[in-house]
Structures are given as structure tokens and as C-alpha cells.
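The structure under discussion appears below in the form of C-alpha cells.
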Amino acid sequence: MADRLPWFRCFPSALLGALAGLDPDEGLTYVTALLRIYETGGPVGETGKTLSRRTGLPERKASAALERLIEAGKLLRTADGRIDSATTHDEIRWQTERRTDQSAAGKASAARRQKQAVEEKNVASIKSDDQNDGQKDQRNQQNGSTPVERPFNHLDLEPEEEKEGDKLLPFVGDRGGFPPKAFELWWIGYPHKVGKQAAEKAFERVRRSGRVPWAALTDGVQRYIRTKPPDRSYCNPATWLNEGRWDDEPSVGNSGSLVAGFAPGRGRQPAGNSAVATALARHANRSGIGPGIRADGPRSDDQGRHRPGRDDPEVEDADWSPAGGYRAAH
């Protein structure tokens, strides 16, 4: 039952005073009746028969002791025939109020704990959001490029996910060594920034082929910048990628006209040092024709000059000296 009392307060002086003047049968019956009332939290339906089973007294003696206790006012018989005691009312009322207060306090404590748990969860969520925002800002700062950053410093980048269309591919370090946002880094380093969309498509084809490492593309751009002749325009980036120009190994000093600027007999070697340039220079020397004059026009002092003492128009390559024009005859 909900009103049952698991325990009750016992005041020894009050109990001993109530037992004073009772014979053994009455005292035993009285204590048993009180315990039953406290146990159930109110009047009980005890009779001489039930009290006989609880006390071990014969039913006749138990019934007679119960009647004498009712006559003495120690116990009460209610209108519905149950047994009660006025001395138990204060204790039962105190116990009921106490349990009500405990229930209210328990509910209030549970509400406080629940509120505290919600607040702690909210604080943890806010901290987590702040940490995520801080990490996102840090990643944005790392991925962003500034004018003083090296365009191809891929060693400082952390692996992350790179986006290809609508599909996210995990970054794999051994796939040519391409860092995240590889095209943007390559684009920063390329000197001639035109046709970015076409360049990005060409770059992706090169990257996905898996045959060209990242270092080859960056080194190729730097080599292209160093070796491009001044009189040549930069190649479009898409063309540079489609033609595989990162593998170019251009020679140095082969730019310009083959004959222009070459004065026979002044120790200047024909541009490019090619067979065609040598043949053209030999012909100019034999004909006495220098740059910018006609064959039948006047000659300057140093134009059409032959080796002293020799009129043979056939001049061997071995007679050419870059330092002093033609060597003396042997």
C-alpha cells in the first residue's frame, strides 16, 4: 500500500505509560494492535481471531483483551468495525507530511539537475562550435595565398579533401604529390594569366593522368620563366599544359637573326653557331657585303676585308677565329 509506514518514531516513556496497569494478555494485544495500525497507516480490521494468530493467545483470551482495551479507551472501534488508536494519529500525520515534503524536494532536485544538465550541454555545444569556427578560420588562413607566400610551397600544406565535380576525393599523398588546391597554387606561379577556365581543365587532365608529378609542373614553370627569350611572348597556360611544356629543355642564346649584327673580320661568331649562319657569313665576307648595304654600293673600311696576301674566295671553317677574325696563313 502507498500509505504503509516502513518505520515510525517510538517514544519509550509514552509507550511505557500506556502499558502501565495492563495485564500480560492486554499488553500483548495492545502492542500488536498499535504495530498493525502503524504498518498500514490507519485503522485495521483486526478481530479476536486475527489477533489470536498474531499473538499466540487463545482466540477467547485475545477477544476478551481487545474488548477490555476498547472499554479503557486504549483502542477505538470505528463505525465500520475497524480498530484504531488516537495515539497513532500525530505520528501518521507527521509521516505523511514528511513524505510529501520529500517528494516535492525530490522533484525540485530532479528539475535542478535536469536544468543543469541542459545548461552544461549548451555550454559544451557553444564551445564545440567556437572550436570548429576557429579550426575553419585556421584552415582558411592556411589555404589562402598572400603576395609574400611562395606559390609552390606545397610542403607546408596539410592533406585534406579535394573536390572533383560533385564528388569528394580523399587526398592521397603518393598521387603525384599534388597538394590541395593545386591548380590555384600553380596559377599563382604562372606568369601569363589568360584563359583560366581552359587552363584549369588542362591542368586537371594532367593531374588525373597520374604520369606527371607536382614537382615537374612547378619546376617546369620556373625553368620556362628563366629561359624564355626576351623577344618571345609567354605561351597561354592551357597551351603550355596541353603541349607538355614542362619537359622543355631550351638552349640558351639562340634567339635573334642568324646574320644581323655579324661583322666579318671583327671576331663575332655567327648567332647560333649553326652551319647555315656560317655559310651566310662566309658568303658576306667573300662578296664584301656587310649588313644593311648592297653588293654594288660603296664599302666601308671594314666591310669586304680579306685576309692580307690571299685572294682565294674559298675560306675554310678552320681559318675562322672568334678572337681575331681570320688566322694568318700557314
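Keeping to the stretch 70-128, report how many residues are of a type outside the set (Gly, Ala, Ser) and farther than 30 Å from Leu19 by Cα. Residues that pass the stated criteria total 17. Between Ser52, Ser63, the distinction of being free of Cβ contacts under 8 Å to residues at least 12 places away in the same chain, out of contact with any strand residue (DSSP E or B) (no Cβ under 8 Å at 6 or more places or on another chain), crowded, with 16+ Cβ neighbours inside 10 Å and outside any loop (DSSP other than H, G, I, E, B) belongs to Ser52 only. Condition first: outside any helix (DSSP H, G or I), surrounded by fewer than 18 Cβ atoms within 10 Å (Cβ to Cβ) and at positive phi. Can you find one or more residues in the stretch 22-40 that meet it? Within the stretch 22-40 (the criterion being outside any helix (DSSP H, G or I), surrounded by fewer than 18 Cβ atoms within 10 Å (Cβ to Cβ) and at positive phi), the answer is no, since none of the residues qualifies. Checking each residue in the stretch 78-131 for being among the hydrophobic types (A, V, I, L, M, F, W, C) and closer than 30 Å to Ala33 by Cβ picks out Ala79, Ile83, Ala86, Ile92, Trp94.
Look through the stretch 66-97, keep the residues that are polar (S, T, N, Q) and not in a helix (DSSP H, G or I), and return whichever of them is farthest from the chain's Cα centre (by Cα).
Thr78
Of all the residues in the stretch 18-52, those that are more than 16 Å from Ser63 (Cα to Cα), in contact with a Phe, Trp or Tyr (Cβ under 8 Å, 6 or more places away or on another chain) and not small (Gly, Ala, Ser) number 2. Check off (1) within 30 Å of Phe8 (Cβ to Cβ); (2) modelled with pLDDT under 90; (3) of a type in the set (Ser, Thr, Tyr) for Thr78 and give me the number that stays unchecked. Only one criterion is unmet by Thr78, namely (2). When residues in the stretch 201-220 are screened for being surrounded by 17 or more Cβ atoms within 10 Å (Cβ to Cβ) and either out of contact with any Phe, Trp or Tyr (no Cβ under 7 Å at 6 or more places or on another chain) or without any contact (Cβ under 8 Å) to a residue 40 or more places away in the chain (or both), 7 of them pass.
The values are calculated or read from the model by the stated rules, or taken from the named source; none is laboratory data. What you see is a predicted model; the values in this text were computed from it and never measured. Neighbour counts are summed over all protein chains in view; Cβ atoms, including those assigned to glycine, are modelled from backbone coordinates with ideal geometry.
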